[in-house]
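See below for the structure under consideration.
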Amino acid sequence: MDANKSFLIDLFTTAVNACKPSACMSKYLKNIDASNGLCVVGAGKAAAEMAAEVNRFYGDKCFGAVVTRYGYESAGDTGRIKVLSANHPTPDDNSLAAGKALLELVINNPADIPILFIISGGGSSLMCLPVDDVPFAQKQALNQFLLKSGASVDEINVVRKQLSLVKGGKLAQAAKSDYVTLIISDVVGDKPSDIASGPTISDGSTKADALAILQKYNWPVISEIEAHLLKPEQARAADTVGEHFIVANAQHAIDSAIDVAQHQGWDTQVLGYDIQGEAKEVARVHAKIALEEKAKGKRVMLFSGGELTVTVADVYGDGGPNQEYLMALADALNGEAGIYAIACDTDGVDGSKDVAGAYIDSSTIARAEAAGENLQAQLQGHNSHQFFKAIDDLIITGPTNTNVNDFRVIVIE
């Protein structure tokens, strides 16, 4: 493998490993009183490994259930904590079953046994329980629309909360006991009520807010959903006593990689830990910065995180925001020598394929042309997966068992 590519993959691995449950949970677990037992309830792509870490810490004192993405179940011994699995990013029948099972577990947990909620990104899809007057099939259809609409994760979560019996703090409100929530954040800004749509943390969003978001993105009106969102707001249930802690996030991941780079003699800059926006547009801004730094004679690494979006039309190819970002970055850099980059999602899944992301360097465009790939056409068709597959520059990690969003590095030598 090319040495530059290998170097950046190693940095990405460092960032991911720093945010694995085994690396970031223990200092929080030691403060939980499990003398009467501990009920563990969780959802997200990191849920199985989080459960394994809780079991390693407490053993038979803990019991419960978590739900994670298909293929993410094997993360170690979870003991008496059952691991369920469901689909992501679109909920399926197992998502519905998991939502019912986890809510029932919370409702039936005795008042003298605390609950430990372990939450990570992806939980919104994996644990799904719609309000009674909205059929599950309609919730699935709406979710598919939102994922393609260009709506931000914050906006999508507002809609999800208003149509759910477990999101927006409702899961924890069903508890009779005290609880603690440990969170691995995949949300820009680390707002706890947005991570997995905040099953243990309520916010002030309303049905009117959700309807306004749907109208903003010209949703195909679904009558039952519209009827629910037009109903008067009900009084909010009071939260039980609970604390929450962010145990890992994008900044933690990026800073871990920066520490390695600096120890190897690199100057580093952070363009932003929490960048949002259209992947193509962000890439053009970052290309401009990279070219300016090179013109100054700088030898520097430019780091960034956050969560980018791709707004697609009716006809589009395969790929994800990080791959599209890199295609647009390659286009804007136009083969400039001495610049190479990586962009990956820390959960190992970027968009519609099980690839973490991709890599570019000054030869990307030329190699693509030699392989019969037209960068402009693939960029227009949002077909970044095919583009990078053709030049063997996809980054494939498999399940990482954590999820703190995007990790991007541009290197200027």
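Give the calculated FRET efficiency between LEU230 and PHE136 to the nearest 0.05, with a Förster radius of 22 Å applied to their Cβ-Cβ distance. Could the numbers behind the result be given before it?
Working: r = 20 Å, r/R0 = 0.92.
It comes to 0.60.
May I ask you to work out the translational diffusion coefficient for region 321-413 at 25 °C, viscosity 0.890 mPa s, via Stokes-Einstein with Rh from the Kirkwood sum over Cα pairs, reported in whole µm²/s? Write down the numbers at each step before the final one.
Numbers: Rh = 13.1 Å.
D, rounded to a whole number, is 188 µm²/s.
For region 17-114, which whole percent of the accessible surface, found with a 1.4 angstrom probe, sits on carbon and sulfur atoms?
Details: 1900 of 4020 Å².
C and S atoms contribute 47 percent here.
Given the Cα-Cα distance of GLN144 and LYS296 and 0.36 nm per residue of separation, how much length would full extension add, in nm?
Working: separation 152, 0.36 × 152 = 54.72 nm, distance 4.52 nm.
That works out to 50.2 nm of additional length.
Find me the longest stretch of the chain that has none of the exposed trypsin sites (Lys or Arg not before Pro), where exposed means in a DSSP loop (not H, G, I, E or B) with at most 11 other Cβ atoms within 10 Å. Please report the intermediate quantities before stating the final value.
Values: sites that count: LYS30, LYS296.
It works out to 31-295.
Mind jotting down the distance between the C-alpha centroids of region 267-332 and region 114-183, whole Å?
A separation of 30 Å, based on Cα centres.
For n ≥ 4 DSSP H runs only, could you compute -39500 (n - 2.57) per run for the chain, divide by its residues and tell me the 222 nm figure to the nearest 500? Intermediate values should be presented prior to the final figure.
Values: 17 runs with 165 residues, N = 413.
Counting only the DSSP helices, I get -11500 deg cm²/dmol.
For the pair ASP93 and ASN218, how long in nm is the line joining their label points, each one 7 Å along Cα→Cβ?
Output for this residue pair reads 3.6 nm.
Between TYR325, LEU308, THR268, whose Cα lies farthest towards the positive end of the dipole of region 260-348 when Lys and Arg beta carbons carry +1 and Asp and Glu beta carbons carry -1, centred on the Cα centre?
Working it through, the farthest residue towards the positive pole turns out to be THR268.
What shape does region 265-379 take by its C-alpha gyration tensor, where a ≥ b ≥ c are the square roots of the eigenvalues and a/c under 1.5 counts as rounded, a/b above b/c as prolate, and the rest as oblate? If you can, show how the numbers build up before the last one.
On the way: a/c = 1.82, a/b = 1.26, b/c = 1.45.
Cα axes put region 265-379 in the oblate bin.
Once amide H atoms are placed 1.01 Å from N in the peptide plane, what residues at a sequence separation of 5 or more from GLY42, or on another chain, have their amide H within under 5 Å of its amide H?
It is ALA65, VAL66, VAL67, ILE118, by chain and number.
Running a GNM on the chain with Cα contacts under 10 Å, which residue among LEU146, LEU38, LEU271 ends up with the highest mean-square fluctuation?
The residue that fluctuates most here is LEU271.
Which links in LYS82/LYS207; LYS27/LYS280; LYS61/LYS139; LYS207/LYS280; LYS45/LYS231; LYS191/LYS280 stretch past 29 Å when you go from one Cα to the other?
Numbers: LYS82/LYS207 34 Å; LYS27/LYS280 39 Å; LYS61/LYS139 37 Å; LYS207/LYS280 32 Å; LYS45/LYS231 33 Å; LYS191/LYS280 26 Å.
The pairs that break the limit, which is 29 Å between Cα atoms, are LYS82/LYS207; LYS27/LYS280; LYS61/LYS139; LYS207/LYS280; LYS45/LYS231.
Compute, for region 288-361, the length of the dipole vector about the Cα centre, with Cβ point charges of +1 (Lys, Arg) and -1 (Asp, Glu) only. Units Debye, rounded to 20. The partial results should precede the final answer.
Values: 6 positive and 13 negative charges, 113 e Å.
Rounded to the nearest 20 debye, it is 540 debye.
Send over a whole-number figure in Å² for the accessible area per residue of region 319-380, probe 1.4 Å.
On a per-residue basis, region 319-380 sits at 31 Å².
Please report, in debye to the nearest 20, how large the charge dipole of the chain is about its Cα centre when each Lys and Arg carries +1 at its beta carbon and each Asp and Glu carries -1 there.
Numbers: 34 positive and 52 negative charges, 111 e Å.
With only Lys, Arg, Asp and Glu charged at Cβ, the dipole is about 540 debye.
The values are calculated or read from the model by the stated rules, or taken from the named source; none is laboratory data. Note that the coordinates shown come from a computational prediction; the quantities given were computed from them, not determined experimentally. Because the Cβ atoms are built from the backbone with ideal geometry, glycine has one as well, and the counts that use them run over all protein chains shown. Note: accessible area is taken over every heavy atom of the protein model, side chains too, but ligands, DNA and RNA are not part of it. Shrake-Rupley method; radii C 1.70, N 1.55, O 1.52, S 1.80 Å.
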